[in-house]
Amino acid sequence: MLALTGTDPDRLKEEKERGITIDLGFAHLELGEAIVASFVDVPGHERFVRHMLAGAHGIDAVALVVAADESVMPQTREHFHICRLLGVPRGLVVLTKCDLADAETQAIAELEARELVAGSFLEGRPVVRASARTGEGMDALRAALLGLARETPPRPSEGLLRLPIDRVFSMKGFGTVVTGTLVGGELATGEEVEALPSGRRARVRGLQVHGEPVERAAAGTRTAVNLAGEASGLDRGEVLSRPGTLRPTSMIDALVQILAGGRPLADGARVRVHAASAERLARVHLLGEAALEPGASALAQLRLERPGVVGRGDRLVLRSYSPAETIGGAVVVDPLPPRRRPRDRTAVERLREAALRPAAEALVEEAGPAGIESTLLAARLTVPLARLEVELRASRTVVELGREPAVVLSSGALDGLGRAALRSLEAFHSEQPLKGGMPREELRNRVFRRAPGVAFERVLADLAAAGRVRLGPDVVAAAGHEVHLSAGEEEARRLLVDAARAAGLAGVEIPALASRSSRDPRLLERVARLLVAEHVLGRVGEGLLLHSDHLAALRKQVRERWPPGSRIEVPAFKDLVALSRKHAIPLLEYLDREKVTRRAGNDRVVL
């Protein structure tokens, strides 16, 4: 790397002493045509594969290095398998140390390298022979790298901002600096970012790309970020993102593939999951399989022992728990799923190959009447909220309700809630024929307990607009519901109304009325509830029934006699109503409930 770029990526004292790469190193090279290549120098030694994995994510091309005097080593094969599992699309093979091997040895090493990459993305790619000591092949290597750069399309900048941190250090006068490959979106100075899974927030004080200060970094670039704020304590494996766009997860739905030639992976096996620059221990729960044979793939849920951050479509590498060896890889299907069981395989399969809109519709349908917040849906699909909303507006099967954040429900779920509400109303009317309607909160508790409040209001509004229900201030009734009184109930109604009208503000007590009229008190109470619901009568105190006309007249009298802000003393109120304290106090409490007055000690203040 030093001979190619002029930069020695080995920065640790131990690396220089031992002459091997232990941790990640970084360099860049101007290839010409205004193209600058960023290099991540990863350790080759088998003991440091986990460090290699932290730097291998998000790369556009790989240079598979094979020493001519040693040929293909076990760690070369593991690194190559990792590149395949990560979906690296292009690259080349570099045969190094050619000054230490004769022509025949070089030829054998090249042959073995070509055999290794046969049938892969490196088959047929250039094999460049080079020597750092003599300079042999360096021009050819630079030319081959320029060819790779020309083939590499620019990364889209409209994706979610994601920068997995692979290095953290402090600089005197600057504070915390983190570095990583910006795998998605753009990052600008002055922006607020969130480090996940820790949740620390910080502001971007400065940015560098290839060692030069910049105001904005684009997707695909190696970026150094100077942070101000809650930046202390950050470590490799965290991900910088815009606040609220990504969420940590402990469960990942994924398509898992096991390398050929290894051992079967049992359901429940403990593995090491490498996601970008992070490593997590996890259990593999296969969805419907007892074990996964070598070379095979299956849907599974990875249950992490510590939260991590991944996105839909990300590629993961799986290594055995002990000894730590690469055994396979996985492609994330859903980064924030519910806890899955084998019977959920169909739901996960539906998401596997789905484009954005069908995937969104599938997740919304799976959420059922509970719906799903649009911000959570965007995080599960790993797309900006604005892009998701465009797809949702174009969908015929989902509905967005409310704002900040909106809740998304399927049209089928809303229709189902509407049907359930009508059934519940019919049952209520059958059980309570003398009630004009079901209390709103009772309907909400019966049918909409799992649904968001905006769904409750939307369904009632739709049913009312379609002429299926009548909406009152506090009640809901089926459109066809009418209260039909029997002859006895109609007589009780007249008795209650007449008695309340005649009693004035003194009111009527049902036990006393039942005794005087020789009527069943249960019948009178049943009809009284209907009259109260119809606002013909009102309840005052523990058991008094007053005609609504008298109560309206009382409210008017109080406001005419006492201007707003005036204090009402109990004796003065007793004089107004010409009743004893036994009746006056319940009437004052009624006025408090009606927001005509407010209690202030023993007095009332007119509102």
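The values are calculated or read from the model by the stated rules, or taken from the named source; none is laboratory data. Note that the structure is a prediction, hence the values are computed from the model and not measured. Note: ideal-geometry Cβ built from the backbone for every residue, glycine included; neighbour counts use all protein chains shown. Heavy atoms of the whole protein, side chains included, go into the accessibility calculation; ligands, DNA and RNA do not. Shrake-Rupley method; radii C 1.70, N 1.55, O 1.52, S 1.80 Å.
What to note about this one:
- The residue that is most open to solvent (accessible area, probe 1.4 Å), among those in region 173-202 that are modelled with pLDDT under 90 and out of contact with any Gly (no Cβ under 9 Å at 6 or more places or on another chain), is Gly173.
- Residue satisfying condition, being open to solvent by less than 40 Å² (accessible area, probe 1.4 Å), among the charged types (D, E, K, R) and farther than 29 Å from Pro405 by Cα, within set Arg280, Arg236: Arg280
- In summary, Arg352 fulfils each of the numbered conditions (1) over 19 Å from Gly185 (Cβ atoms); (2) free of Cβ contacts under 8 Å to residues at least 40 places away in the same chain; (3) not small (Gly, Ala, Ser) with the single exception of condition (2).
Conditions tested, residue by residue: (1) without any contact (Cβ under 8 Å) to a residue 24 or more places away in the chain; (2) open to solvent by 40 Å² or more (accessible area, probe 1.4 Å); (3) in a strand (DSSP E or B); (4) touching an Asp or Glu at 6+ places or on another chain (Cβ under 9 Å).
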site	(1), (2), (3), (4)
Val284	no, no, yes, yes
Glu289	yes, yes, no, yes
Pro294	no, yes, no, no
Leu299	no, no, yes, yes
Pro307	no, yes, yes, no
Ala324	no, yes, no, no
Gly328	no, no, yes, no
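- Any hit, region 353-360, residues being open to solvent by less than 40 Å² (accessible area, probe 1.4 Å), under 16 Å from Val447 (Cα atoms) and not in a helix (DSSP H, G or I): no
- Leu485 fulfils the conditions (1) in a loop (DSSP other than H, G, I, E, B); (2) in contact with a Lys or Arg (Cβ under 9 Å, 6 or more places away or on another chain); (3) crowded, with 17+ Cβ neighbours inside 10 Å except for a single criterion, (3).
- The residue of region 214-233 that is surrounded by the most Cβ atoms within 10 Å (Cβ to Cβ), among those that are aliphatic (A, V, I, L, M) and more than 11 Å from Arg201 (Cα to Cα), is Val225.
- Subset of region 60-85 [open to solvent by 30 Å² or more (accessible area, probe 1.4 Å) and among the aliphatic types (A, V, I, L, M)]: Ala61, Ala63, Val65, Met73
- Residue selection: Pro511 satisfies the criterion of being assigned to a helix (DSSP H, G or I), loosely packed, with under 13 Cβ neighbours inside 10 Å, at negative phi and not hydrophobic (A, V, I, L, M, F, W, C).
- Per-region count, region 488-504, residues of a type outside the set (D, E, K, R), open to solvent by less than 30 Å² (accessible area, probe 1.4 Å) and on the phi < 0 side of the Ramachandran plot: 5
- Tally, over region 514-530, of residues that are outside any helix (DSSP H, G or I) and either within 11 Å of Leu496 (Cα to Cα) or open to solvent by 70 Å² or more (accessible area, probe 1.4 Å) (or both): 2
- Test: Thr346 is open to solvent by less than 50 Å² (accessible area, probe 1.4 Å), within 23 Å of the chain's Cα centre (by Cα) and among the polar types (S, T, N, Q): no
- Close Cβ contacts (under 9 Å, 6 or more residues apart or on different chains) running from residues in region 586-607 that are more than 16 Å from Gly541 (Cα to Cα) and of a type in the set (Gly, Ala, Ser) to residues that are open to solvent by less than 10 Å² (accessible area, probe 1.4 Å) and at pLDDT 90 or above are absent.
- Within region 1-78, strands (runs of 3 or more DSSP E) holding 1 or more residues that are modelled with pLDDT under 80: 25-32, 35-41
- Taken as a whole, the condition of being hydroxyl-bearing (Ser, Thr, Tyr), touching a Ser or Thr at 6+ places or on another chain (Cβ under 9 Å) and crowded, with 21+ Cβ neighbours inside 10 Å does not apply to Ser374.
- Selection count where residues are open to solvent by 80 Å² or more (accessible area, probe 1.4 Å) and within 53 Å of the chain's Cα centre (by Cα), scope region 540-558: 1
- Inter-residue pairs, beta-carbon under 6 Å, first at positive phi and in region 218-238, second open to solvent by 20 Å² or more (accessible area, probe 1.4 Å) and modelled with pLDDT under 90, 6+ apart: Gly220/Arg155
- For Glu123, the conditions (1) buried (at least 21 other Cβ atoms within 10 Å of the Cβ); (2) farther than 30 Å from Leu234 by Cβ; (3) of a type in the set (D, E, K, R) are fulfilled apart from (1).
- So Arg468, is it touching a residue at least 40 places away in the same chain (Cβ under 8 Å), open to solvent by 30 Å² or more (accessible area, probe 1.4 Å), more than 17 Å from Gly368 (Cβ to Cβ) and in contact with a strand residue (DSSP E or B) (Cβ under 9 Å, 6 or more places away or on another chain): yes
- Some residue of region 389-410 being over 14 Å from the mean Cα position of the chain (by Cα), over 26 Å from Leu460 (Cα atoms) and either crowded, with 21+ Cβ neighbours inside 10 Å or not acidic (Asp, Glu) (or both): yes
- Sub-6 Å Cβ pairs linking a first residue in region 243-272 that is in contact (Cβ under 8 Å) with a residue 24 or more places away in the chain and in a loop (DSSP other than H, G, I, E, B) to a second residue that is small (Gly, Ala, Ser) and open to solvent by 50 Å² or more (accessible area, probe 1.4 Å), at least 6 apart or interchain, are Asp267/Ala290, ordered by first then second residue.
- Region 531-566: number of residues that are of a type outside the set (A, V, I, L, M, F, W, C), without any contact (Cβ under 8 Å) to a residue 60 or more places away in the chain and not in a helix (DSSP H, G or I): 11
- Verdict on Ala362 being among the hydrophobic types (A, V, I, L, M, F, W, C), under 17 Å from the mean Cα position of the chain (by Cα), modelled with pLDDT of 95 or more and closer than 24 Å to Arg162 by Cα: no
- Put simply, of Ala413, Ala367 the only residue that is assigned to a helix (DSSP H, G or I), among the small types (Gly, Ala, Ser), in contact (Cβ under 8 Å) with a residue 12 or more places away in the chain and over 19 Å from Asp462 (Cβ atoms) is Ala367.
- Checking every residue in region 470-477 against the condition of being assigned to a helix (DSSP H, G or I) and of a type outside the set (Phe, Trp, Tyr) gives zero matches.
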